[in-house]
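Since the structure comes first, as structure tokens, the remarks are kept for the end.
What follows draws every value from the coordinates through simple rules; no lab data is involved. This one's a predicted model, so the numbers in the text were calculated from it and none came from an experiment. Please note: Cβ atoms are built from the backbone with ideal geometry, for glycine as well, and neighbour counts cover all protein chains shown.
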Amino acid sequence: MKLFDSHCHLDDRSYQNDLEDVIQHARQKGIENMMSVGIDQETSIRSIEIAEKFDGVYAAVGVHPHRASSCSEQILKRLKALAGNSRVCAWGETGLDFNRMYSPKEDQETWFVRQVQAADEQGLPLILHERDSHGRLLEILRAYPNENRRGVVHCFSGNRSELEAYLDLGYYIGITGILTLQKRGIDLRKLVGYIPLERLLIETDAPYLTPAPQKNKTRRNEPAFVKSVILKLAEICNADPEKMAHDTTSNARRLFNITDL
């Protein structure tokens, strides 16, 4: 079984002492590819450095909505330059988060729009973060249409109508270990069957969102644990795990335009 963890944060401090072991563990479990996602300029640079060091690891550059208040045109210019690196295959993580409100709505929306435009300019797919925006993220995407735009809704946690809206716009849907959690994953388990297989991606968001059963043993998530996500998906969808692994890996490689295999 060959897998692609389409969203993780290998730059995180929790890996600073054993990153090579973490990546080796993932490879032992069949995770051949990983997308290390930046949340600001510093982590974007670090993700590129990691992608350059380890085969099968790729990078995304962007500013997370939590960090929107610290964004600027200068930082955006720097990220555009970084996006020219051959290991950069996506723009993100960007979007809106009206739950924790670490940055004001105005800042979030301003820099989300600018990043959507930047990603379009660079020809990169978007990695979208959305939480409690109550349709505002969709409104912005529709207000700035681009028929060539691609992207994935990272860690999807919306309702059926939002899911259908993202699919209608052509986006992929990223599923995390939340799917495996008994209480927190109830709603998600009801919705995954409505996602076309050709639009599914699996991800860990490591070191966050540790899936079951690993959650019972460790707080730190790892790319290796994405296998638990695919197994739960296959169980819910009554599908062959091997085929689902193959298809979700192909989906990620297609979205991120990865051909150097």
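With point charges of +1 on the Cβ of Lys and Arg and -1 on the Cβ of Asp and Glu, referenced to the Cα centre of the chain, which listed residue (Ser228, Ile50, Ile140) lies farthest in the positive direction of the dipole? Toward the positive end, the furthest listed residue is Ser228.
Evaluate the charge dipole of the stretch 3-255 about its Cα centre and quote only its size in Debye, nearest 20, assuming +1 on the Cβ of each Lys and Arg and -1 on the Cβ of each Asp and Glu.
Dipole about the Cα centre, nearest 20: 460 debye.
Computed over the chain, the per-residue total of -39500 (n - 2.57) for DSSP H runs of n ≥ 4 gives a 222 nm mean residue ellipticity of -12000 deg cm²/dmol, rounded to 500. In whole Hz, with x marking every Gly and Pro, tabulate ³J(HN,Hα) for the stretch 42-48 from phi via Karplus 6.51 cos²θ - 1.76 cosθ + 1.60, θ = phi - 60°. Values, residue by residue: 4, 6, 5, 4, 5, 4, 5 Hz. For the pair Arg136 and Asn148 in one chain, pulling the backbone fully straight at 0.36 nm per residue adds 2.2 nm over the alpha carbon distance. In this label model, Glu235 and Gln24 are separated by 3.1 nm, measuring between points 7 Å along each Cα→Cβ vector.
Under a Gaussian network description of the chain, with springs only between Cα atoms under 10 Å, the residue in Asp187, Asp120, Asp168 that fluctuates furthest is Asp168. Extension gain for Asp55-Leu169 works out to 37.8 nm (0.36 nm per residue, less the C-alpha to C-alpha distance). Ranking Leu255, Ser157, Tyr171 by Cα position along the charge dipole of the chain, where only Lys, Arg, Asp and Glu carry charges on their C-beta atoms, puts Ser157 farthest toward the positive end. For the stretch 3-255, the number of Lys pairs separated by eight or more positions or lying on different chains, with C-alpha atoms closer than 27 Å, is 28.
When +1 charges are put on Lys and Arg Cβ atoms and -1 charges on Asp and Glu Cβ atoms, the dipole computed for the stretch 26-114 relative to its Cα centre reaches about 160 debye.
Model label sites at Arg100 and Ser70, defined 7 Å from Cα along the beta-carbon direction, differ in position by 1.3 nm. Quick note on the chain: its Rg to Rh ratio, both from C-alpha atoms and Rh being the Kirkwood radius, is 0.93.
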